[in-house]
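Worksheet: the structure to be examined is printed underneath.
The values are calculated or read from the model by the stated rules, or taken from the named source; none is laboratory data. All values reported here derive from a predicted model rather than from experimental measurement. Here the Cβ is made from the backbone with ideal geometry for all residues, glycine too, and neighbour counts use every protein chain on show. Just the protein is used for accessible areas: all its heavy atoms, side chains included, with ligands, DNA and RNA removed. Shrake-Rupley method; radii C 1.70, N 1.55, O 1.52, S 1.80 Å.
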Amino acid sequence: MKVSVAWLRELVDTDLPVGDLAERLTMAGLEVEEIAPVAAQFSGIVVGHVKTVAPHPDADKLRVTEVDAGTGETLTIVCGAPNVEAGQKVPCALVGAKLPGLEIKKAKLRGVESSGMLCSARELGMSQDHAGLLVLDDDATVGRDVREVLALDDTYLTLKLTPNRGDCLSMLGIARDVAAITGAALRPPPAPPAKETIADERRVRISEPGSCGHYFGRVIRGLNPKARTPHWMVRRIERAGLRAISPLVDITNYVMLERGQPMHAFDHAKLKGAIDVRLMRAGERVKLLNEQVVEYRPGLLAIADETGPVALGGVMGGHDSMVGEATTDVFFEAAFFAPAAVQGKARSLGLTSDAAYRFERGVDFAGAGAAIERATQLTLEICGGQAGPISHAGGDLPKRASTTLRPARARALLGYAVEDQQIHDILKRLSCLPEGAPSGAVRVTPPSWRFDLEIEEDFVEEVARIHGYEHVPDVAPRSSLPMLPVHAGRRGRFDLRHQLADLGYQEVINYSFVASDAERDFAGNDAPVRLANPLSSQMSVMRTTLLGGLVQTLRANLNRGEPRLRLFEIGRCFEGDAASVDVQPERVAGLAYGTRLPEQWAEKATRIDFYDAKGDVEALAGSRPLEYIPGAHAAFHPGRCAEVRLGGRRIGVLGEVHPRLAQKYELVEGTVAFELLTGPLLDGQGPRFQGLSRMPVVRRDYAFTVAENASAGDILGALRGRVPAFVKALEVFDQYRGKGVEAGKKSLALRIVMQDTDRTLTDSDVEAVMASIREQLNQQFQAKPRT
């Protein structure tokens, strides 16, 4: 939210410097993201009155103007703005004026001497609008400094508000907090009761009292359709980030910005009969101000007359009943809609509105009447007319239950001492109406605009916020650190994260909601669990695999020029149906793309392949042996995919991304991935002490031929457990097909490492192991020694 410091100072009597004010707001929980001047620094620019405009004798797009700038003489100024006209009052930069990056001097433009420059908003550093001159009010005094006329000696504070502080979505709300923080006097904007000069009244009723607690309306007749929004109001509206449209619309927006109460202006002549706040009925539809047509949906709150809905309550007004340039009679609406009745409605309709944004967070239900009086006051001043009596209907209002606040409890929660009187004074400054003596427990009732204060701890937090977090003492924590009874072999998730980071992977955190196409592509799941109220069409189902999110992250990085990536994610997946997502396995998934090593002179640029992913998976498993079985998976290449098993249990899958998916997602380089259950990886054996052997190591290599379909994993699995304990390693380190090997056969090379801790192995020991291996391979796999 953007806050004008000058406007804020009108509402609260504080002379704090802007920097100090921003720091106090930030320390009180209203974070100031940016401090920026309203306009750039300039000097020598005054109000000029354009007397005449004539074509330039030697340039089609230039005009020669005669300008009275209050200097006692008429200035000749060459201007290229397309909207310059005689009679206008515009910013005029005199000779010697200094603008951002420019100093004005006398100059000849195509043979005509120019003694100054007429300025646009962009040249004054007020906006990027360079379409034409900035036209000032007709009553602007000629020769007066433009900074004074446009109130440019002002500063913006851009606040980052948390969702619970809906009360601060207005200047009055910010002023209340500044008054509470600084102790300065609050000066609320006036809202005097209007003089009722006509009897015209439109009846209102509430048929849905649980959704609408107040509905105020007032008819004002005889408006001047040629009235224009005064520049002071236009400036405040635009500096708050909104666009000035027309006087009646601008007045409702101004009241919303000033008091936090969304309002709507109906053309009184376009309404038929009484106004009713009710739910939409089957078959009804309404065209909104943005020209979007909304059909009936259950739970939509309508503002209806005798003909049907004319607006959506708390969301947006209707197009057919909106005010226009010919409107002379207006019906103002100011209401309180319960947050629960509005929340999610605008998003479900695919639209946004300032009214819905405020009603969803809670609007001061006691301020609607004052808001309509304020709008009436401004309307009569700007547009003229005559006001009728206020129509009102009431529904269910929020209960402001009181809560006991105990000073001793407050001090215990804060961790430092705050005097009872200080607590009492802070609550009064927050309008929390403490009941009881300042020296003990008090009953506190939150004001009508604070929907975030309910329990005792909420009020304690307010005490800390207003008293100042800087008062929290800097005390080093003191605590014992007992040994936790965790199994020594149990790894934590941070161990997995650090291990993957050591392997070159970077962690990402994706949404648990994905597009249905991604679920179909990467999980082969045509019936995922769908969300009832998705954030978008790209987040409409719950994921059953992490692979889709990794590929989407990969695509985002490739689009930004990253040639080589390794990504991983640890998160839960969701399996089940719409009625019950009862299985939520936690998995770790990794994806590698591009070359094995970064580009360098010493190594060739080799693409990542299946075995790189396999090596990373084995690194995660540590010393526990994994089994790999050829498998099939929707996300992987049919011939380059393997199931991963640990202790006979399937724990995941790895492989190369399917060519169809690589083409669909434009993955031009090799892409490999894996997805494993985290539980089996975290569970392990505790460390066991084993002394280092001082005996020599014996290594033997054995090459043999087996059938093409024989798996290296099956071979190693058959041999392990059948060799003596001094065999430290069994590895397949080579594979060969070609000359010297029969068709339908392949050659594998096996490395056997042997070492005993107590003695040197003899030749007979080694030969016995080798004979046992040869016999086992021959019997089970019909392996023959390769000669």
**Request:** Quick one: check the C-alpha center-to-center distance for the range 82-110 versus the range 584-615, whole angstrom.
**Result:** 63
**Item:** Sequence-separation-based contact order of the chain, relative, with Cα cut under 8 Å and 6+ spacing, percent
**Value:** 9
**Request:** Calculate what fraction, in whole %, of the accessible area of the chain sits on carbon and sulfur atoms when a 1.4 Å probe is rolled over the protein chains.
**Result:** 50
**Complete:** Treating every alpha carbon of the range 521-597 as one equal point scatterer without solvent, the Debye formula yields log10 I(q)/I(0) values at q = 0.21 Å⁻¹ of -1.00
**Asked** Between the range 731-787 and the range 383-455, how many Å separate their Cα centres?
**Response** 83
**Prompt:** What fraction, in whole percent, of alpha-carbon pairs in the range 681-782 exceed 15 Å separation?
**Reply:** 67
**Request:** Could you work out how far apart the two model spin labels at residue 768 and residue 502 are, taking each label as a point 7 Å from the Cα in the direction of the beta carbon, and quote it in nm?
**Result:** 3.8
**Asked** Under 19 Å from the Cα of residue 728, which aspartates and glutamates turn up, not counting those fewer than eight places away in the same chain?
**Response** 618, 627, 701, 714, 756, 758, 763, 765, 767
**Inter-label distance, nm, simple model (7 Å from Cα along the C-beta direction), residue 725/residue 319** = 8.5
**Asked** Counting alpha carbon pairs within less than 8 Å and at least 6 residues apart, what relative contact order, in whole percent, applies to the range 290-347?
**Response** 27
**Asked** Relative contact order (percent) for the range 504-606, with alpha-carbon contacts under 8 angstrom and 6 or more residues of separation?
**Response** 27
**Complete:** A student asked for the Cα radius of gyration and Dmax of the chain in angstrom ought to give 38.2, 120
**Request:** Specify, per residue and in Å³, the volume enclosed by the convex hull of the alpha carbon atoms belonging to the range 373-517.
**Result:** 402
**Item:** Label-to-label distance, nm, for residues given as residue 749 and residue 6 (7 Å Cα→Cβ offset)
**Value:** 8.4
**Asked** Taking the C-alpha atoms of the range 228-351, how large are the radius of gyration and the largest Cα-Cα span, Dmax, in Å?
**Response** 14.7, 45
**Request:** Report the GluC sites (Glu not before Pro) located in the range 624-668 that are in a DSSP loop and have at most 15 other Cβ atoms inside 10 Å of their Cβ, or state none.
**Result:** 666
**Asked** Applying 1/(1 + (r/R0)^6) with R0 = 45 Å to the Cβ-Cβ distance of residue 586 and residue 186, what FRET efficiency is obtained, to the nearest 0.05?
**Response** 0.30
**Request:** At 0.36 nm per residue, minus the direct Cα-Cα distance, what do residue 516 and residue 733 gain on full extension? Give it in nm, one decimal, please.
**Result:** 73.9 nm
**Request:** Summarise the long-distance tail of P(r) for the range 540-637 by giving the % of C-alpha pairs beyond 24 Å.
**Result:** 37
**Asked** So who's got an amide H within less than 5 Å of the one on residue 51, skipping anything under 5 residues away but keeping other chains? H placed 1.01 Å off N, in plane.
**Response** 66, 67, 68, 87
**Request:** Evaluate the range 418-498: find the radius of gyration of its Cα atoms, find its Kirkwood radius, and give the ratio Rg to Rh.
**Result:** 1.28
**Complete:** On each of the three principal axes the extent of the alpha-carbon atoms of the range 163-219, given in whole Å and largest first, is 45, 33, 13
**Asked** Just the Cα atoms of the range 1-130, one point each, no solvent: what log10 I(q)/I(0) does Debye give at q = 0.13, 0.19 Å⁻¹?
**Response** -0.66, -1.02
**Message:** Cut-off 11 Å, label point 7 angstrom out along Cα-to-Cβ of residue 478: give me the residues of the range 365-408 whose amide nitrogen falls inside.
**Reply:** none
**Message:** Given R₀ = 51 Å, what would the calculated FRET efficiency be for residue 281 paired with residue 780, taking r from the Cβ atoms and rounding to 0.05?
**Reply:** 0.10
**Request:** Pick out, in residue order, every one of the chymotrypsin sites (Phe, Trp or Tyr not before Pro) in the range 604-660 that is DSSP loop and has at most 13 other C-beta atoms within 10 Å; say none if there are none.
**Result:** none
**Prolate/oblate/rounded call for the range 314-429, Cα gyration tensor, a/c under 1.5 rounded** = prolate
**Fill in**
Scaled by the rule-of-thumb 2.2 N^0.38 Å, the alpha carbon Rg for the range 59-152 gives a ratio of 1.02
**Item:** Estimated 222 nm signal from helices in the chain, with DSSP H stretches of n ≥ 4 weighted -39500 (n - 2.57), rounded to 500
**Value:** -7000 deg cm²/dmol
**Prompt:** In whole Å, what is the distance between the alpha-carbon centres of the range 319-365 and the range 162-212?
**Reply:** 15
**Message:** What number comes out for accessible area per residue over the chain if the probe is 1.4 Å? Units Å², please.
**Reply:** 50
**Prompt:** Can you give the alpha-carbon Rg of the range 104-215 over 2.2 N^0.38 Å, where N counts its residues?
**Reply:** 1.83
**Message:** Could you report the accessible area of residue 786 in Å², rounded to 10, computed with a 1.4 Å probe on the protein chains as they sit in the structure?
**Reply:** 100
**Request:** For the range 732-787, run through the GluC sites (Glu not before Pro) and keep only the ones in DSSP coil with at most 14 other Cβ atoms within 10 Å of their Cβ.
**Result:** 742
**Message:** For a Förster distance of 60 Å, can you work out the FRET efficiency between the beta-carbons of residue 112 and residue 711, rounded to the nearest 0.05?
**Reply:** 0.05
